[in-house]
Amino acid sequence: MNKMMIKISSVVAVSILSYSLSFAQGHQVKITVDCPDIATKGDERVTNYGTYLAGKGFEKVNSGVATQPLFQGATVPGANIPTDLVTNGYNNSGVSYNPTNAAVTCYYKSSMGFDPFSLSYLMTNALNGTVVSSSTEEIHIKLPVGLK
């Protein structure tokens with residue numbers, strides 16, 4: 001009787017596990033990341049602190065509540081980056097995602113000849129994603145969920 005119960009329990013456990021894995025296999029998480037802006041957009045603005053630049057962006061997972069991750073980048077010694085980015089013609093010029101380290105990098109350039117710079121943010125638990133689309137200041141990433 002005990003052997004029969006163990007066999008039945010094993011079959012049920014394997015069936016539930018198989019169903020759970022096949023259910024999770026086709027699902028994905030969708031992440032939208034908005035880069036910090038140069039112009040005054042509340043606290044989502046890029047600021048030059050002298051030795052580094054930083055600004056808050058937005059990150060939204062699926063249709064959840066948006067969070068505000070901090071993007072940062074060190075200034076290169078001797079770089080010609082003014083403190084007032086707005087009046088010196090800086091704009092968002094692109095965004096990228098690195099699936100090996102989950103870094104989202106925002107790029108900025110000046111229309112007035114000042115040096116370009118970039119800011120990065122490392123997302124948590126977002127390795128091996130795929131870029132669905134991107135613009136000069138926003139990127140859409142999908143992450144696989146489950147085992148294959």
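Working with all protein chains in place, sort ILE38, ILE81 by solvent-accessible area computed with a 1.4 Å probe, largest first. Write out the running numbers ahead of the final one.
Details: ILE38 5, ILE81 30 Å².
Ranked list, largest accessible area first: ILE81, ILE38.
As an exercise, use a Förster radius of 41 Å and the Cβ-Cβ distance of THR47 and HIS27 to find the FRET efficiency, rounded to the nearest 0.05.
Efficiency at R0 = 41 Å is approximately 0.60.
Report, ordered by chain and residue number, the aspartates and glutamates lying within cross-link reach of LYS56, taken as a straight Cα distance under 19 Å and ignoring same-chain residues fewer than 8 apart.
The reachable aspartates and glutamates, counting only those whose Cα sits under 19 Å from LYS56, are ASP34, ASP37, ASP43, GLU44, ASP84, GLU137, GLU138.
The values are calculated or read from the model by the stated rules, or taken from the named source; none is laboratory data. Since the structure is predicted, the reported quantities are computational estimates derived from the model, not experimental observations. Note that we place each Cβ from the backbone using ideal geometry, even for glycine, and neighbour counts take in every protein chain shown. SASA here: full protein model, heavy atoms, side chains in, ligands and nucleic acids out. Shrake-Rupley method; radii C 1.70, N 1.55, O 1.52, S 1.80 Å.
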